1. So what is the calculated 222 nm ellipticity per residue for chain A, using -39500 (n - 2.57) for each DSSP H run with n of 4 or more, over all residues, to the nearest 500 deg cm²/dmol?
2. Once you keep just the Cα pairs under 8 angstrom separated by 6 or more residues, what percentage relative contact order results for the stretch A:353-427?
3. Any idea what log10 I(q)/I(0) is at q = 0.12, 0.18, 0.19 Å⁻¹ for the stretch A:344-489, Debye with uniform C-alpha scatterers and no solvent?
4. What are the ³J(HN,Hα) couplings of the stretch A:312-322, residue after residue, when phi is run through the Karplus curve with 6.51, -1.76, 1.60 and θ = phi - 60°? Round to Hz, x for glycine and proline.
5. What angle, in degrees between 0 and 90 and rounded to the nearest 10, separates the Cα long axis of helix A:344-357 from the longest principal axis of the Cα atoms of chain A?
6. Treating the beta-carbon of each Lys and Arg as +1 and of each Asp and Glu as -1, no other charges, what is the dipole magnitude of chain A about its Cα centre, to the nearest 20 debye?
7. Check A:K341: other-chain or 5+ apart residues with amide H under 5 Å from its amide H, H built from backbone geometry?
8. Calculate the length of the line joining the C-alpha centroid of the stretch A:141-197 to that of the stretch A:421-480, in whole Å.
Amino acid sequence: MSSSIRVRFAPSPTGGLHLGGVRTVLFNYLFAKQQGGSFIVRIEDTDQNRLVEGAEAYILDTLSWCGLEPDESTRKGGPFAPYRQSERKPLYRKYAEALIEKGYAYYAFDTPEALEKMREQFSTPQNPAPQYNHSIRQHMKNSLTLSATEVAQLLADGVPHVIRIKMPENETVHCDDMIRGDISFDTQMVDDKVLLKADGMPTYHLAVVVDDYLMQISHAFRGEEWLPSAPVHILLWKYLGWEQQMPRWAHLPLILKPDGNGKLSKRDGDRLGFPVFAMNWTDPKTKETTVGFKEKGFLPQAFINMLALLGWNSGTDQEIFTLNELVEQFSIQRIHKGGAKFDYEKAKWFNHEWIKRLPAAELIKHVLPLLEEIGISNISSNLLEKIIDLVKERCTLLTDFVVQSEFFFRAPASIDTASILPKWNEAKNLFFIELVRSWQLQNQWNADDLHHSFQELSAANDLKPGELMLPLRIMLVGGKFGPGVFDIAAIIGKEASIKRIEAALSQLPHPHP
RNA sequence: GGCCGGUUCGUCUAUCGGCUAGGACAGCCCCCUUUCACGGGGCAAAGACGGGUUCGAUUCCCGUACCGGCUACCA
């Protein structure tokens, strides 16, 4: 017998899995794992009645990259399959009809035009958005206003119809939210939501209740934007006779735009230049690809860590957490109630911290493919690990490793002569010619010995080593960056070092005294 | 408009009635480093407002303001 804790995530496939979505998964996952329960992913693979190609694979791949593997999903299987909403379609109608039988729902035959007309007709300055509610339904074409024979006839004729919940008039519905405590709603204020659409697909309202019941879900985390529809869901649990099995709800605070206010959207990422999706997402309609955190150069550990601390904290000063530490220390009580603005600078800081912390042996699997992409192959992993350790503290994104390590493998395409020129003179030119000669005779090719011979030579020429170090660096790497010059020379080797110095000298003037 | 939720440095947040309001990111300064970083030290920066309750409110209660969410046969 498995644990009674079952937590589910039902991602919306409307366009990539964004920050808010992944954070919802994360909190679902952390809670489930902490309680020793199961984490279930049910895929909503339709959007506006159309199947979203690739949404399912995309979502599962994203979760896999994040390290948040579900216990049950379309990929893993499980006792309550299918987990794909389009395959569960036949299930929902019978529950919707059962509600009609009990008098908690009704058929509505209104055309879209009729609905639009209603909204026009009943709209007033005080009430600009009239709802299909207890009073308005009296004026509409539905099984509450039509006779039984008329309804039977319409159904027999196959007239398109939906099934709506019949909201009671004077009840108060309580939602016991794990984060916010008791929230009450006056049912008078809630409209008769559509439960089953004309095409037979359930709306989210019906699907979430039926699926959570059938899949025996015990706890449900979702975004705060769902709070207003909580009374509909709670009433459905009651009307279907499942009140005792209703899951505990937790409505998570929203992730907000970094500037201004409002929910973070894909547009904000495009506008401000940062990802909002976990991984690259290609819109099946427009074929347009939006870059993800993964492709941008984020480590999954950092991505998860950053997300966990957006709206939650451990109560200590600790900021860097592994997934296991998060599972151990997570607590719903410490989830913040207010929305949090996303800060890309802080997100990068988390990544930088994780790059500094991870051993080269771990980083190499992320770095190797990046180098191969620019045509550097056949790299010995021993050497690459050495290089990674040398440069990792200068890399904020994984993609930074390309610039920071490319020069170890090939001579710089161009060198920053402009930074050498202002202080370049005959003495320095001669020094480097001598340095080449001296290094050719060097038998111990290591950083310390190279440093030593360099120092001696500069002293002998009465030059300040500091004035020579920068030119040497630029000759070897092309610019003013990178680890210690002699470490670099040691790694690239005698032949390459000398070749690069000679190549640079040929590009520099040869002044005479 | 209505309903629901929220409100501590620029940003993420700590504080479960005692506060000289703590930490982190970003910013600025200094040290280390003859590059770029890392690291170390420092500076600056906050309780929306008004009423209660209390010996004492950032913390509890009420109101106001502001922000957000929802108000679709979208999720």
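1. Working: 20 runs with 226 residues, N = 513.
Roughly -13500 deg cm²/dmol at 222 nm, from the helical runs in chain A.
2. Values: 41 pairs, mean separation 24.5, N = 75.
Over the stretch A:353-427, the number comes to 33 percent.
3. -0.59, -1.08, -1.14
4. Going residue by residue, I get 8, 8, 7, x, 10, 8, 5, 10, 9, 10, 7 Hz, with x marking Gly and Pro.
5. The two axes meet at around 60 degrees.
6. Numbers: 56 positive and 64 negative charges, 52 e Å.
The calculation lands at about 240 debye.
7. Here the answer is A:L256, since their amide H atoms fall under 5 Å of that of A:K341.
8. 83
Rule-based calculations on the coordinates, nothing more; no lab input. All values reported here derive from a predicted model rather than from experimental measurement. With ideal geometry, Cβ positions are generated from the backbone for all residues, glycine too; neighbour counts draw on all protein chains shown.
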